[in-house]
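Worksheet: one structure, shown below.
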Amino acid sequence: MNVTLKNINEKNRVRWYVMRAYKCEGKAEEKLKGEDGLDYYIPKKYTVQVYHGKKTRRLVPVTPNLIFVHASHSQIIEFKQKCNFLQFMMWKMSTGLEYLTVPDNQMSNFIKISSQYDEDLKYYKPEEIDFKKGTRVRIHGGQFDGLEGTFIKLKGTRSKQVVVKLDNIMAVSAQIHLDLIEVINEKSGKKAEETK
């Protein structure tokens, strides 16, 4: 597998890399939050599981083995020399294989919504949602203040949801009160004019 970064600036640019920790995200989390660790995020949710015959509510990763690491390529390579269980996820492009990364603004919105563990959040694969039918919105007020996403009607739900998407990785949705939603004009990023 031949993957190269274009130049030295690319190696030192801090971004959100999508990584896997095969069957050891707990160990990866422990090492990443350690003294020599890196900034990271693991999307989690509460589930009810049976352990030793008793039902317990536990916070578990949404997608096993998936970890987002916020660092430069050089920092991650240095970290992997001590802790080699992390693997870069790759994306096959017409120019060859590229590292799968997430833009900072998408990741910020994703973390804001997915870190609300007690909310009724739903996770989706990117192909499960048709974003063309949605409207870009920004939330004002409440626990999701400042969040930007797509306001859309999803199958299996009675209400419309605000969805935040990580391109080619996953999406998460939450129900938001209509009074907190502002429609964003796609072209300018500004509030759309209301028509009556």
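The values are calculated or read from the model by the stated rules, or taken from the named source; none is laboratory data. Given the structure is predicted, the values throughout are model-derived calculations rather than measurements. Virtual Cβ from ideal backbone geometry, glycine too; neighbours counted across all protein chains shown. Areas reflect the complete protein model, heavy atoms only, side chains present, ligands, DNA and RNA absent. Shrake-Rupley method; radii C 1.70, N 1.55, O 1.52, S 1.80 Å.
Things to note:
- ASN109 vs. criteria touching a strand residue (DSSP E or B) at 6+ places or on another chain (Cβ under 7 Å) and in contact (Cβ under 8 Å) with a residue 12 or more places away in the chain: yes
- Positions within the stretch 100-122 being open to solvent by 50 Å² or more (accessible area, probe 1.4 Å) and assigned to a strand (DSSP E or B), in sequence order: LYS122
- Among the residues of the stretch 27-77, those identified as closer than 22 Å to TYR99 by Cα, assigned to a strand (DSSP E or B) and β-branched (Val, Ile, Thr) are ILE67, VAL69.
- Options VAL14, VAL50; residue that is surrounded by fewer than 18 Cβ atoms within 10 Å (Cβ to Cβ) and within 30 Å of GLN175 (Cβ to Cβ): VAL50
- Yes/no for PHE151 being at pLDDT 85 or above and of a type in the set (Phe, Trp, Tyr): yes
- Scanning the stretch 123-162 for residues that are among the polar types (S, T, N, Q) and assigned to a loop (DSSP other than H, G, I, E, B) gives GLN143, THR157, SER159.
- Some residue of the stretch 152-166 being within 19 Å of the chain's Cα centre (by Cα), farther than 23 Å from PRO61 by Cβ and surrounded by fewer than 21 Cβ atoms within 10 Å (Cβ to Cβ): yes
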